[in-house]
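The values are calculated or read from the model by the stated rules, or taken from the named source; none is laboratory data. What you see is a predicted model, and the numbers here were worked out from it, not measured in a lab. Here the Cβ positions follow ideal geometry from the backbone for every residue, glycine too, while neighbour counts run over all protein chains shown. Side chains are part of the model used for accessible areas, which takes the heavy atoms of the whole protein and leaves out ligands, DNA and RNA. Shrake-Rupley method; radii C 1.70, N 1.55, O 1.52, S 1.80 Å.
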Amino acid sequence: MNAEARGTADGAPAAGTGAQGGRSAQLKHTGLRPGWTTGACATAATTAAYTALLTGDFPDPVSITLPRGQTPAFALAVEELGPGRACAGVVKDAGDDPDVTHGALVRATVRRLPPGSGVVFRAGSGVGTVTLPGLPLDVGEPAVNPVPRRLMREHVERVAAEHGEPGDVEVTVSVDHGEEIARSTWNGRLGILGGLSILGTTGVVVPYSCSAWIDSIRRGVDVARAAGLTHVAGCTGSTSEKTVAAEYGLPDMALLDMGDFAGAVLKYVRRHPVARLTICGGFAKLSKLAAGHLDLHSARSQVDKPFLADLARQGGATEELASRIATANTGLEALRLCEAAGVRLGDLVAARARDEALSVLRGAPVAVDVICIDRAGVVVGRG
């Protein structure tokens, strides 16, 4: 995650919207200050740099629009204008989250390209390059994830339209001291070399505190029960929340922002039952639950590829395929290998995760189902 703009009270991410339950109430209940992702910072820097390239002036603060409609304003820490190029930088503010990139300076340098080139991304100093398969980016691509890329393209297009330009530019994203900061992340093990990844699906950093977040989960269950709801869903993030809401038509009050705390949801629901609990999350995270981990955070549990290989064997995988799964770079790569071979690893993981959930519930009168999704929110497994 990333440290974001400072002194931008008008654009600060809202911790709650006044709803009585669900994700917004959980956020409000933690009392923690949210922040901005590296992707939001890079988008703000790109918008400011491209505007300056076309007009000669840097907007400061610079406003952007995030996927959920927030319009934060970011103060610029860097403004550089040269022949055919402009560079802007934003200091990331991660709020109250213990984010290793808090305070990092995220820069974007924008240059014009020939007509028809579109928006091309480059990895500058401190931003990694993908060297292994299994990530949502091709090998050789800069480690700027899909949602930040989309945000940057949208803002380039918006600025271009305002000034009658085609919007064909090269955007080089860099992070001061990013290679050093990346040593505190899992990038090296994932084959992302040379620096950090530019991340974020909502643009907002949700602050992380074990005690506050677990307390907020309990409050969410209490509110749902008090409202007479009989079906709640524990979701690992915003994408899984959208998926499960669309799948079952659940109201916001039924959605529990579980994050990494699967055990907290299960143990509290065991003591305060609801008729039905759906657990929805990314395939890799739920593979950890399937393997018996109740804390899904990357610092405390990892995707067990040999475990996935054993599950795949149960689903009919050959020994050659199982061997490839056991040495896969990521859980996503293991999933894709199985999909190509017609082995339904997503369903196997979902079923095993459901069994683990039921074992934690210890016979409580709660029906459980599990939905595994990929990064795009596509359902890849049910159990």
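Observations on the model:
- Global form of segment 75-170, assessed from the alpha-carbon gyration tensor, a/c cut-off 1.5: oblate
- Each peptide among 136-143, 70-77 gets the average number of other Cβ atoms lying within 10 Å of its residues, and from highest to lowest they stand as 70-77, 136-143.
- Estimated from the Cβ-Cβ distance and a Förster radius of 35 angstrom, the FRET efficiency linking V139 and D215 is about 0.25.
- One decimal place: the segment R276-L132 gains 47.9 nm when fully extended, by the rule 0.36 nm per residue minus the C-alpha distance.
- Ignoring lysines fewer than eight residues from K267 along the same chain, the ones with Cα atoms less than 22 angstrom from its Cα are K285, K288.
- Overall form of segment 135-186 per C-alpha gyration tensor (a/c, 1.5; a/b vs b/c): prolate
- Packing around the peptides 344-350, 62-68, taken as the average count of other Cβ atoms within 10 Å per residue, puts them in this order, highest first: 344-350, 62-68.
- Using Cβ point charges alone (K and R +1, D and E -1), the dipole size of the chain about the Cα centre works out to roughly 1100 debye.
- For q = 0.10, 0.12, 0.18 Å⁻¹, Debye-computed log10 I/I(0) when each Cα of segment 204-341 counts as one equal scatterer: -0.39, -0.54, -0.99
- Coordinate range along principal axes, alpha carbons of segment 252-302, Å, largest first: 30, 22, 16
- FRET E, pair E180, A75, Förster distance 35 Å, beta-carbon r, rounded to 0.05: 0.90
- For peptides 281-294, 233-246, sequence by mean Cβ density within 10 Å, most packed first: 281-294, 233-246
- Volume per residue of the convex hull around the Cα atoms, evaluated for segment 33-205, comes out as 105 Å³.
- Gain upon complete extension [S63, A376; 0.36 nm per residue less C-alpha separation]: 110.0 nm
- Accessible solvent surface per residue of segment 281-336, calculated while the other protein chains remain in place, 1.4 angstrom probe, Å²: 41 Å²
- P(r) of the chain over all Cα-Cα pairs, binned every 10 Å from zero, in whole percent: 5, 23, 29, 25, 14, 4, 0
- Gyration tensor verdict on segment 262-383 (Cα atoms; rounded if a/c is under 1.5, prolate if a/b is larger than b/c, oblate otherwise): prolate
- V127 long-range amide H proximity, modeled H, under 5 Å: V175, L196
- Label zone at D168, where the point sits 7 Å out along the Cα-to-Cβ direction: segment 50-91 residues whose backbone N lies under 17 Å: 54, 84-85
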